Structures are given as structure tokens and as C-alpha cells.
1. In whole angstrom, note down how far apart the Cα centers of segment 24-102 and segment 394-451 are.
2. Along the charge dipole of segment 1-152, pointing to its positive end and built from +1/-1 on Cβ of Lys, Arg, Asp and Glu, which listed residue (68, 93, 78) has its Cα farthest out?
3. Write out the GluC sites (Glu not before Pro) in segment 1-89 meeting two conditions: DSSP loop, and at most 12 other Cβ atoms within 10 Å of their Cβ.
4. Using a 1.4 Å probe on the protein heavy atoms only, what accessible surface does residue 201 show? Give it in Å² to the nearest 10.
5. For segment 1-139, what relative contact order do you get, as a whole percent, if you take Cα pairs closer than 8 Å and at least 6 residues apart?
6. Suppose accessible area is computed on protein heavy atoms with a 1.4 Å probe; arrange 101, 467 from highest to lowest.
7. How much accessible area per residue does segment 332-478 have, in Å², with a 1.4 Å probe?
8. Let a ≥ b ≥ c be the square roots of the eigenvalues of the Cα gyration tensor of segment 301-460; is it rounded (a/c under 1.5), or, if not, prolate (a/b larger than b/c) or oblate?
Amino acid sequence: MDSNEFRKRGTEMVEYICQYLETIEERRVTPSVEPGYLRSLIPSEAPFKPEPWEQVMDDVENKIMPGVTHWQHPRFHAYFPAGNSFPSILGDMLGDAIGCIGFSWAASPACTELETIVLDWLGKAIGLPDDFLALKEGSKGGGVIQTSASECVLVSMLAARAQAIKHLKQLHPNVEETQLLSKLMAYCSKEAHSCVEKAAMISFVKLRILEPDEKSSLRGETLTKAMEEDELQGLVPFFVSTTLGTTGACGFDALEEIGVALQKFPNVWLHVDAAYAGNSFICPELKYLLKGIEYADSFNTNSNKWLLTNFDCSLLWVRDRIRLTSALVVDPLYLKHGYSDAAIDYRHWGVPLSRRFRSLKLWFVLRNYGISGLQEYIRHHIRLAKKFEQLVLKDKRFEVTNEVKLGLVCFRLKGSDKLNEKLLSIINGSGKLHMVPASVNEQYIIRFCVVAQNSTDDDINYAWETITDFATELLEKEQDDEFVETTEDPRKKHTLAQKRSFFVRMVSDPKIYNPAINKTGTPRISMEISSPTKDGIPVTVQSPPHESSWISWPLAFLFNSTDDGNSGKNDVMLRFRHLDVKMGSSRRNSATGNSSPSPDGENGILSLKSPKKSPQLMRKRGTSPNIRANGNSS
């Protein structure tokens, strides 16, 4: 394809994109396909000879589009928004055409400098303290674009880990870093995103997951109590991840309370994950949700969620960039340049070396819409969410289960979790709407988020009419016992769960992808931990019987041993949300009838034995703590 054909095909592609977005509501919002559908439509090997461009585009429409979930569809109300706009698309096009790899200032000065400037622009608009701005006089902080909030949390935790090890090494110069690592403990709420747990796994640190209050908010008192308990066990708190706008119900941790509490723990890194909600803080009336940010060490939000910028464009700010980069610097000679001491090299701010020119699309959006245009867009979504909330509240059959502050409404039929599962299943199965569930306060709830850029009041009315029509039909069938699954003869079971496609079942029934969810009741921790010593005397702390927290400790996976003579005393109960395997166990059927390995025993936990410890290691470390914890997924 030369430049002349590119002009022609590029014009056609722009027209195709415009046509797609203008007529997207005519398409089914979710695909009606089964896993593997595409393998039968596409050859098993790449073509040896070139194929006509027209044939490629025909296959896009006839083979690819039938398997697409249309996130920009006005009937798409699952997850949070996937930002998109024409200025953003154009910015990505130009960045792709320039094709620079901006790992350092010298690799492309404009790529680096525009990112710094745009992050300062947005940091000011959000209301971040001056310490987070790179170009503010006397500031040591700054912002960087990462691929996702998951990467923001990970690099923050890695930086916190490096600082903690450095501090401990100064106190205990003769102790191996691996032993110091085993003492580190991070903290988050049960409602925090799963990326925090993944970050702990990658960082090989313990993570204590704490119970929030009834509003999905982690409180300062809960955190302080957990950290004090852990310190008595010889553990070292080093990182706290708070959330402003949780995924499940858009709850807000008590950031100011937590910040004040952490003044007693000066070496603990406080991170704020505001992937969705953080974008809304550009509105003056919503800045109160950011209260307490002055205590934070890092903050992230995803402009690719609610600022009309397409993925990937997740924004991370830090108060002290040296604390971040010192954990990630690898500086070979071939990457150095003459301005290394005077300029920012963003390769030191994250995991990957190579970086795209992502600041262009954010710059295009900010300039084309202005802060005022983006504020209007966010306020419009919030108004539509409030409208939907009022519609729910007017129907006595339903209840709203979250405090609606932004664009997410969580609701459910008054009744059992099973009833709400059925409702969501038939709605998603119809293809008329797309929503997803969550488990909040041990209840199955349905999430309704305003997502499409140009959503209207008519879209909200349509959604509510669809929901209530299906609810009425479902309740009538329930009353007539026509919707109850028969258990007398398995061969006669023709329930909706078996008829609907795998895709619909996956998004409607969380047990398919997380068998531990929706267990009856919350497993409670019974923790008896022997600390190495306190003033030379062994200490045992018994946690309160109703404490609800659990510990994810991936390092124990590597040390698993089945021949420990003291197995009765060294059982370590662990929780791994991501694992679909139980060591030494056979496969069993999940609650949905699909055969899959299960990570959970009775309470959704894994039981691993501690490793044998050499006498030399025992002398260095003292008695190994005996940790027992359990919990279920959120």
C-alpha cells in the first residue's frame, strides 16, 4: 500500500468509522456467539499471497463485527465508560503515523515534554496539590501516562517496596533482602480492584484485605487496628491502596481519615486509585470527594474512562518522582544521552521501556473540548444516572443499593439473589441491554452505568422500560412456578441458564468466572499469630472473632511443602482470587454446571503448608508466624 492508496483507503476507513458510530444502535449490543466461533470462519494459516483490500474489509463486517461487544452502544451499561471521541481517534492516528518510541527525552523531545505539560494541565484541573505537578517551582513530583490503572498501582507498590526495603536495610544491615521482603504487608479494602492483589502477587508481598463499612468505604480505624496488630507480629506495614469510586458500587474510602491515621506510620506509602471517579474532580462541585489527597504519595485516574480519550491512557501522579524512579531505573549505555540530568526520561517511570506518543490524543481532547466541555459531558452523565435512580425508586419492586454520586446506579429486585440473577440473565440474553453484576455487602446487585458519550433521556427511559418489562414477566412466571428449575429428571432440564449463550452466562452469572463469589455469609478470620518476640518474650495475639480480613501471600506458593513434620502447626490459609486450581485436588463441577477446577474449599480458601526452615534461617528470623486467614471474593 503506497501513499496514494493509503489516501483512498484512509478516506474509506474514516467513512466506515463514522458510519459505524452513527448507526451503532442498529446493531445488537452484545454478540450472540459461542467460544471458538471465529476459528471456523478464518483460515488456519496466514495468506501466502496478498489479498484485495475490499476482501479484508468485507471480512471485518461479516466475521469480526458479529463477535464485537459494542462499548459505545447507547444500550451498553456495563462496567465504566470506555472513553472515545473523534479528536482522540485523530490524535492516535497522528501518534501512530509519527511512530516514535518515546522512552527518553532524546528519543523524541516533543513526546516527553508534551506528556509532562498535559499531565500538569490535568493535575491542576483535578485539584491535585502542587507537589504532584512537575513544572511547579520547588516540586519533586510529576505525572506520567501508563497503560492502565493496574500498572499505576503496580509501579506505586514497587516504589513503596523499594523504599521499605531500603529503610529496613539501614536498620538491619546484616539481614538478607529476601527476609526483609517476607515481613512487608500491604493493605486495601475488599472493594478495591483486583489489580491491587495482582500487584502484591507480582511484588511478592503480603496483602491484607480489610472489610469496608456498609457504604463500601474503608475507614481509618479499621486500617489502624489491622496495622497495629501486624506490627505486633513483627510485620512491617509499607503500602496502603485506597479507592475513590470502587468498581462494584462506586464507593469512596475515607481518604482523610486514612491519611490522618497514617501519620503514625510515616514510612507507609499511600496510593489513591480513582480510575473512574478521578476524572469527575475537574468539576468544582465534586472536588469534595478528593478530600484528604494532601496525605497521598500517588494518585491515578483513567482519562480513557470518563474524559473522552480512547484506551490506553491511564494517568499517574507522584509526590516524589525520585522515590518512584529509583525503584525502576536500569540505565545501559545505549539509552543514555547528553541531557539525562536535565530532562525527564519516562522509561524510568514504569515497567515497559517503549512508549507511544499517547499525550497527543489527550492534548487534542483537552484543546478541542476544553475543561468546560468535559465538565458538561460529565455532568450530563451524572444527571442521567440520577434520572435512572429516580425511576428505580418509584417502583416498589426495586431498591437502589448504592449512594449515587456519579454515573453508576446499583439496583436489584427486592428478593433473593437467584431472582436477580435470573433477571439479569434474561435481559442480557435478549441483546436489548448489557449490564453486569457485582457482589456488594453480600448481596447480588445489578450495575447500571451511563456509558455512551451521547446518551440521552430516551436511552434511560428505554433501559428502564426494558428492565421493568422483563421483571414483570419474570415475577409472573415465578408466581406460576413456571420458571423454577426441575430437579427430578436431569434429562428434562431446559432452563434459561442452559439455553443462553456462554457469553451471556459469563456476564450475568459471576460464579462462571469466579466460583468463590456469592457464598452464603462472609467467612470470618480466626487469626492466631505468634510473633518472633516482643522484648525477648514470645507474643501471641488472638484477633477478635468477628474481624473480617484475610491475607494474600503468593510467596507461600513457591515454598509449598508436603513433608513438613510440623504440618499441624504450619498450615497457612491463603486466598487467591485469580487461581482456578486447587493443589492436589480433582476437578469438580461449578454451580453453573460447567466443569472447572475450583480454588475454594468450604470457605473459598487454599491450604498450603509452610516450608521447612533451616536452623540458620530460624536463628535469623525467629519463629515463623502461623497465619490463618480466609475470605471470599468481592
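1. 29
2. It is 78, whose Cα lies furthest towards the positive end.
3. Answer by residue number: 45.
4. So the heavy atoms of residue 201 present about 50 Å² to solvent.
5. 17
6. Largest to smallest exposure gives the sequence 101, 467.
7. Ligands and nucleic acids excluded, the result is 42 Å² per residue.
8. Cα axes put segment 301-460 in the prolate bin.
The values are calculated or read from the model by the stated rules, or taken from the named source; none is laboratory data. Bear in mind that the values here come from a model prediction, so they are computed numbers and not experimental data. A quick note on method: Cβ atoms are made from the backbone with ideal geometry, for glycine too, and the neighbour counts reach across all protein chains shown. Please note that ligands, DNA and RNA were not included when accessible areas were found on the heavy atoms of the full protein model with its side chains. Shrake-Rupley method; radii C 1.70, N 1.55, O 1.52, S 1.80 Å.
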